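Report on one structure; see the data block that follows.
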């Protein structure tokens, strides 16, 4: 299970929460990569609950531009037994959702 929940843009930054399965090596953090671009700085796990772990993510303006046109968001983690635990998600629809969220006000 991999999910990402993003907030409406705040200035040039888009932040949110990456939801990962329980059973990962927390001290390793995760590696985020868009397509074949260089990996981003590995964010640390924020906390875990019985069936998932949460990681706070923030994408700056240049990263958001790359996400808008990217074809794969690759998330690399390490399982508790030290085996690689790769995940991949399509950012398809990210640009449309981001544009729509930017127009919302509460």
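Any read-out appearing in this document is the output of simple, stated calculations on the displayed coordinates, not a laboratory observation. Being a predicted model, the structure only gives us computed values, none of them experimental. Cβ placement follows ideal geometry from the backbone for every residue including glycine, while neighbour counts extend to all protein chains displayed.
Worth a mention:
- Helical content alone sets the calculated 222 nm signal of the chain at -5000 deg cm²/dmol, taking -39,500 (n - 2.57) per DSSP H segment of four or more residues and averaging over every residue.
- Separation of alpha-carbon centers, region 26-50 and region 52-96, rounded to whole Å: 8 Å
- Most to least packed among 55-67, 4-16 [average Cβ atoms within 10 Å]: 55-67, 4-16
- The share of Cα pairs per 10 Å bin across the chain, counted from zero up to the longest distance, runs 14, 48, 30, 8, 0 percent.
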